Amino acid sequence: MIERRYQKGELLFAQGDDADAFYLVKTGRIELFDPRRDTAVAVIEPGCTFGEQAVFSYGARNLSARALEDTVCMHYLAKDLQHLLEQQPATVRRAFEMVILQLEMRNSLRALGATHSF
């Protein structure tokens, strides 16, 4: 886990990049957007996570992410989380249940066509 600071407008990752980490917003806001249309999909607020698919697969990012203001995020590498899952599954199970619930709620809202802050 690494704390990273991003300046307003800075790109965290681009569509097509390897999905090798997920993020927790500590301060500031992150916009997830479709760069082909420059369309906002979601605004991620402090206390929320994004990029969770990296924990389960090493696919490519389907959206881009940029800081809407100066932002601090915790950056969790997927390989480190996978190792922790193998070594201490009971410790991280509840945390992942919450992340998965948040992801399911976000996907449900997107399916309804919502562009929303999380």
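Please tell me if Leu68 is open to solvent by 10 Å² or more (accessible area, probe 1.4 Å) and in contact with a Leu (Cβ under 6 Å, 6 or more places away or on another chain).
no
Just checking, how many residues over the stretch 1-20 are more than 14 Å from Tyr76 (Cβ to Cβ), modelled with pLDDT of 95 or more and part of a strand (DSSP E or B)?
The total comes to 3.
Any chance the stretch 28-38 includes a residue that's within 14 Å of Leu68 (Cβ to Cβ), among the β-branched types (Val, Ile, Thr) and at pLDDT 95 or above?
So far as the stretch 28-38 goes, yes, one or more of its residues are within 14 Å of Leu68 (Cβ to Cβ), among the β-branched types (Val, Ile, Thr) and at pLDDT 95 or above.
Quick one: how many residues across the stretch 21-59 are in a loop (DSSP other than H, G, I, E, B), crowded, with 17+ Cβ neighbours inside 10 Å and touching a residue at least 40 places away in the same chain (Cβ under 8 Å)?
Within the stretch 21-59, residues that are in a loop (DSSP other than H, G, I, E, B), crowded, with 17+ Cβ neighbours inside 10 Å and touching a residue at least 40 places away in the same chain (Cβ under 8 Å) number 4.
Evaluate the stretch 106-118: report whether one residue or more is at pLDDT 70 or above and charged (D, E, K, R).
For the stretch 106-118, residues at pLDDT 70 or above and charged (D, E, K, R): absent.
The values are calculated or read from the model by the stated rules, or taken from the named source; none is laboratory data. These numbers were taken from a predicted model, which means no experiment stands behind them. In this analysis, Cβ positions are derived from the backbone assuming ideal geometry, glycine residues included, and neighbour counts consider all displayed protein chains. Each accessible area value is taken on the protein alone, full model and side chains, heavy atoms only, with ligands, DNA and RNA left out. Shrake-Rupley method; radii C 1.70, N 1.55, O 1.52, S 1.80 Å.
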